[in-house]
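Since the structure comes first, as structure tokens, the remarks are kept for the end.
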Amino acid sequence: MEGMVLKAGLLLQIVLSSLILVHGNISPEVLLQKDDSKEEFPPCKTCKLYVESFLKGIEKTAKGNFAGGDTAWEEEKQKIYAKSEVRLIEIQEKMCSEVSGFLDQCHNFAADIESEIEEWWFKVQHSKAKDSDLYTWLCINKLKRCCPVDHYGADCKPCLGFPNVCFGNGKCKGNGTRKGNGQCVCNKEYTGELCNECNTGYFQSYKDEKTILCSKCHASCESGCSTGGPKGCTKCKSGWAADKDIGCYDINECSDENICSGNQFCVNTEGSYRCMQCDPSCNGCHGDGPDMCEACAEGYKLQQNICINTQAKSQNTNENLYRYGVYVGLCVATYIIFQKNVFIASIVGVVVAIYVSVAEYILNDKTAAFDPPSIITKHLFGK
Ligand SMILES: *[C@@H]1O[C@H](CO)[C@@H](O)[C@H](O)[C@H]1NC(C)=O
């Protein structure tokens with residue numbers, strides 16, 4: 001007994017210490033990895049996020065620290081606060097926290113542009129100039145990190161096709177930044193330098209000077225098409241045949257009875273077919289299930305149009321015999337305990353009784369027509 005307790009304690013110690021080891025090993029690595037893989041936002045994006053955060057700060061401080069008083073004195077105080085250094089500092093203190101993973105980079109950026117932001121706050125902000133908004137003034141003109149919309153590269157050249165950039169069917173590489181080459185990356189339906197041609201598998205459904213719309217060809221088309229639907233295909237896909245009235249139509253491969261081999265049946269699909277395994281009770285079939293057999297497999301017999309296993313009954317009687325053996329064993333065990341301790345024996349007896357009735361109930365549900373007691377008596381007494 002003492003040895004058992006000792007062994008269990010030792011086992012617990014081993015488990016615990018290995019858990020501590022594993023944890024101790026993992027956590028620093030995970031932390032380091034996190035630091036290594038932390039990516040920085042690109043220059044224009046950094047400036048843009050900073051500006052967004054700053055503008056939110058302006059919104060948040062719009063009412064100042066005043067309880068919305070309506071006296072002339074309070075109004076005057078509010079006016080002074082609106083353009084004050086106090087408000088600027090308040091904004092700067094609370095910003096940078098909206099975008100996750102941006103905080104450190106945002107603070108570094110803010111430190112770098114301290115004099116610029118002061119210049120904007122005190123001089124530019126309230127001027128009537130067209131480019132006095134913080135993003136244009138700071139990110140595009142002052143720091144030269146960004147370009148206006150639909151412009152790209154070091155000199156902010158217009159993107160290809162400007163002002164109808166990429167025909168509205170793609171993205172301009174470097175759009176709005178000082179990077180990229182201004183070329184189009186077309187959406188999947190389009191191709192060509194300006195994204196004004198239809199890609200293969202798509203047809204032109206609309207076109208005017210400034211617009212082109214391409215739509216998907218029907219699923220039955222090999223590649224291209226002139227219009228939508230199965231009639232528009234230039235060529236039909238394999239598994240489809242051409243008809244001059246309805247266009248491409250699905251070939252029913254299953255009309256060839258020998259297309260599937262052995263114990264399988266055929267299922268037609270759009271453009272193809274599948275061979276599926278027959279029910280194990282069949283030897284050849286024309287569909288799924290034991291009622292679709294052409295003939296019964298070995299060991300099965302046709303009864304009311306279904307192939308039924310002739311070996312199933314004898315198997316079941318064996319299983320039943322085994323099960324009743326277990327019940328008898330349980331009863332004997334309960335009896336042995338009964339001789340030593342009546343109280344424990346009655347508990348065990350109740351548990352055994354519950355076990356037996358639950359097991360029987362479940363089995364009866366499955367094989368409702370089966371009658372185990374009659375079979376066991378037959379086996380035991382040979383009647
Ligand atoms: C360029 O970016 C702006 C917004 O950043 C977007 O509205 C516009 O559609 C983009 N244009 C192209 C061609 O990528």
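The values are calculated or read from the model by the stated rules, or taken from the named source; none is laboratory data. Source: prediction; values computed, not measured. With ideal geometry, Cβ positions are generated from the backbone for all residues, glycine too; neighbour counts draw on all protein chains shown.
Just for the range 135-145: of the residues that are in contact (Cβ under 8 Å) with a residue 40 or more places away in the chain and away from the ligand (no atom under 16 Å from the Cβ), which one is surrounded by the most Cβ atoms within 10 Å (Cβ to Cβ)?
First, the residues of the range 135-145 that are in contact (Cβ under 8 Å) with a residue 40 or more places away in the chain: 135, 138-139, 143, 145.
Among the residues that remain, those that are also away from the ligand (no atom under 16 Å from the Cβ) are: 138, 143.
Details: Leu138: 23, Leu143: 18.
For the range 135-145, the residue satisfying everything is Leu138.
Once the range 340-375 is narrowed to residues that are assigned to a helix (DSSP H, G or I) and charged (D, E, K, R), the residue that is modelled with the highest pLDDT is Lys340.
Out of the range 202-212, which residues are away from the ligand (no atom under 16 Å from the Cβ) and either hydroxyl-bearing (Ser, Thr, Tyr) or buried (at least 16 other Cβ atoms within 10 Å of the Cβ) (or both)?
Residues of the range 202-212 that are away from the ligand (no atom under 16 Å from the Cβ), as a first pass: 202-209.
Selection gives Tyr202, Phe203, Ser205, Tyr206.
Pro148 meets all of the listed conditions (1) away from the ligand (no atom under 16 Å from the Cβ); (2) surrounded by fewer than 19 Cβ atoms within 10 Å (Cβ to Cβ) but one, namely (1). Between residues in the range 39-61 that are farther than 20 Å from Cys146 by Cα and residues that are crowded, with 17+ Cβ neighbours inside 10 Å, which pairs lie under 7 Å by C-beta distance while being six or more apart or on different chains? If the second residue must be crowded, with 17+ Cβ neighbours inside 10 Å, the pairs left are Gly57/Ile91; Gly57/Met95; Ile58/Ile91; Thr61/Arg87; Thr61/Glu90; Thr61/Ile91. Of the listed requirements (1) more than 16 Å from the ligand (Cβ to nearest atom); (2) without any contact (Cβ under 8 Å) to a residue 40 or more places away in the chain, Cys106 misses just one: (2). One residue stands out in the range 155-201 among those that are more than 13 Å from the ligand (Cβ to nearest atom) and among the β-branched types (Val, Ile, Thr): the one that is farthest from Glu222 (Cα to Cα), namely Thr191.
Ser53 meets the conditions (1) surrounded by fewer than 17 Cβ atoms within 10 Å (Cβ to Cβ); (2) farther than 30 Å from Cys166 by Cβ; (3) at pLDDT 95 or above in every case but one. The failed one is (1). Consider Asp288 carefully, then state whether it is in contact (Cβ under 8 Å) with a residue 24 or more places away in the chain, part of a loop (DSSP other than H, G, I, E, B) and out of contact with any Ser or Thr (no Cβ under 9 Å at 6 or more places or on another chain). Criteria not met by Asp288.
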